[in-house]
Structures are given as structure tokens and as C-alpha cells.
Amino acid sequence: MQHLDLQVIEQALAWAQSGETVWLCTVLATFGSSPRGPGSWLVARSDGRHVGSLSGGCVEEDFLERLQDGEFVDRIQVVLYGDAQGEPRESRITLPCGGILKVLIERLPANSMTLDQLETMQSALRGQRHLIRCVNLSSGETRFDVDDGLGPRVVEQIEREIVHLRIGPAARLIIAGMSPVSASCAEFARTLGFEVILCDPREEAFAGVDLPGIEVKHILPSMFISAGGCHAATAVVALTHDPRIDDLAMMEAVCTSAFYIGVMGSLQTSKLRAERLHRIGGLSAEQISRLHMPIGLNLGSKTPAEIALAVMADIIRVQRGRSRDAL
């Protein structure tokens, strides 16, 4: 499964290319508890077909019902859900978590301007570059600025009636080698919204294994990585205990901008691997320091599923910029 953001934009693009007007909804802000954060997307057609999520249920149902009733004809609109002070139609929705959701709704007709916008957003999500999409809340006019990828996903400039929406590469997990831990890790990552790519040239390693929603490539992971498989939102994990797969993947991964690189093994195994990567692979001390080994949080994990949980928890920790001491 692709990352949800990428799924939303690619579906919006496909509908627009087929001549359909689409409505792109973006969570601008949340107040109190909320199941979805700022920057979350949903795209819909006039018949109610949709991809993405805003709240996990109630808000989507209300929006789609109103859309099919012919509402949201304006080029751009901001709606508050869960606001007791809002307009009667808006205030009828009370979020189960007691929060308030501020949603930007854009009607995008199937024209060249819409196609250009969606293609630009798609390229950013696929790892080409970081962008800020600037939207004028009065006119609906948009533009793209180059970005460094740092900062909150949504920044509102209330006085100028402009909102800045940060767009960056979709989170990707490259799993080097098939193993029971790899299978569990892939499933966890897919559930967390990662685009998951599992690389292993050994077709027999997949016998009897079903991995729905996971992209499987029967090549050496090092080849996929060296061919440009990593971007700044990529995590690379090696989970086989086979140095022919694990070591080569690590040697290529440290030459990329991947935000997390980890390999499974005990403290002793990790020490020996570091020496081997330096002696044979020619990795510098700085490159070796990028490797998380042993991989994952120290949860006392024993089973493949427990190890996979520790791995994904550590990846999320790094992705969110949290130190281990802060846990």
C-alpha cells in the first residue's frame, strides 16, 4: 500500500485526468483531541467516491452527504467541525473525542491548472523535492515555493488569509531481505501508513507467505537502494542475519539521505559487523555511526512480531525527532 497522502493525490490526479471535478479536503488545524493531524487529506468526487480520511468517520460522512446534496460549489471554503459556536449545519457534528476540526475544502475542476498542481504534488510525495503549497483563502489562488522540509505541515497567516501547506516525500520503508521479522515489520509499517518495499532475490524465501499491500522486488536490496530507491523520508532495515544481504544493504544505505538505517543483531554481532563494514566495506566511522545496531527499542522482544514492534517504534521515534532519553 502506498502512503495515504500519495494515494490521495494519485487518485485525485487520475480522476482529474478522466475529466472529473474533485474536492480536495485538508485538515488545517485541530483543537483538543482529534484522530487526524493537520495536513491530513481526503479527496472526493461528486458521487461520494473518496480516498483518504479527515476524522476516521463522522466528519467524512457529513461532508460526503453534503457534497452529494450539491453543497461546496465555491472554489474554496473553510469549515469547522465540532464547533458549538459554528453555523447550524456545521455544529451538528460533535466529534467523539470532543475536539474541533478546521477543514479547507477546495473544488478543483478538471483543467490544465488542476492537473499541473496535482502532478507537482505527486512529484513531491514521490521524493523529488520538498515544497510549500501556498493557498489564498479568499481567491483560491495557489503557488508552490521550494522548502527545506522542516517545520509544521500547516502554517496559517490569518491576517493575509493565506495558508502554507508543507508537502514532502511519502514515508517509505525498505526492508532488506525476507524473514519472519521482515514479514511482521512489513505488516506493522503498512498499518502505520508507510509505503513498504521488500527486496530479496531469493524467490524461495517467499514460499507460503502472503503480503497484501507490500511491494516485493526479487532483487538484492543493495541494488534497489543504489538505483535511487531512497529519499529523505525513507527508513532502511536489514532483518535477515545474512551478511550477504544485510551488509551490502547497509553499505549502500549510508550513501543516501535515508533518515533511519538499522540492522538486526546482538551487541556482539553488531560490533563484528561494524568492524567488517569498516575493513571490507570501507565505511568511515561517521557512516557507521548512522547505523542503528542493534536495531529497535530495547523492549525485551523475543518473537518476530515483538522485534518488529521494537523496530517500528524506533523508526517512529526518529521520524518524530525524539531522543531515547525523552521516552
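Residue check: is residue 144 free of Cβ contacts under 8 Å to residues at least 60 places away in the same chain, touching a helix residue (DSSP H, G or I) at 6+ places or on another chain (Cβ under 7 Å) and either assigned to a helix (DSSP H, G or I) or assigned by TED's automatic domain parsing to the domain that holds residue 28 (or both)? So residue 144 passes the test.
In this structure, does residue 65 turn out to be modelled with pLDDT under 95 and closer than 23 Å to residue 139 by Cβ? Criteria not met by residue 65. Of all the numbered requirements in (1) modelled with pLDDT of 95 or more; (2) over 25 Å from residue 167 (Cα atoms); (3) not polar (S, T, N, Q), residue 312 misses one, and that requirement is (2). Applying the criterion of at least 3 residues that are within 24 Å of residue 148 (Cβ to Cβ), free of Cβ contacts under 8 Å to residues at least 12 places away in the same chain and assigned by TED's automatic domain parsing to the domain that holds residue 123 to the helices (runs of 4 or more DSSP H) found wholly in region 208-327 leaves an empty list. Quick one: which residue in 177, 208, 213 is more than 30 Å from residue 143 (Cβ to Cβ) and either touching a Cys at 6+ places or on another chain (Cβ under 8 Å) or among the polar types (S, T, N, Q) (or both)? Being more than 30 Å from residue 143 (Cβ to Cβ) and either touching a Cys at 6+ places or on another chain (Cβ under 8 Å) or among the polar types (S, T, N, Q) (or both) holds for just one of 177, 208, 213, which is 177. Residues in region 18-40 that are closer than 22 Å to residue 135 by Cα and either more than 18 Å from the chain's Cα centre (by Cα) or modelled with pLDDT of 95 or more (or both): 20, 21, 22, 23, 24, 25, 26, 29, 30, 31.
Which one is farthest from residue 316 (Cα to Cα) among residues in region 180-206 that are surrounded by fewer than 21 Cβ atoms within 10 Å (Cβ to Cβ) and of a type in the set (Ser, Thr, Tyr)? Taking the candidates together, the pick is 184.
In summary, residue 131 fulfils each of the numbered conditions (1) surrounded by 20 or more Cβ atoms within 10 Å (Cβ to Cβ); (2) at pLDDT below 90 with the single exception of condition (2).
For region 79-93, filtered to residues that are outside any helix (DSSP H, G or I) and exposed (fewer than 14 other Cβ atoms within 10 Å of the Cβ), the residue that is modelled with the highest pLDDT is 85. Number of residues in region 4-63 that are surrounded by fewer than 16 Cβ atoms within 10 Å (Cβ to Cβ) and either among the hydrophobic types (A, V, I, L, M, F, W, C) or not in a loop (DSSP other than H, G, I, E, B) (or both) equals 4.
The values are calculated or read from the model by the stated rules, or taken from the named source; none is laboratory data. Bear in mind the structure is a predicted one, so any value in this text is a computation, not a measurement. Note that we place each Cβ from the backbone using ideal geometry, even for glycine, and neighbour counts take in every protein chain shown.
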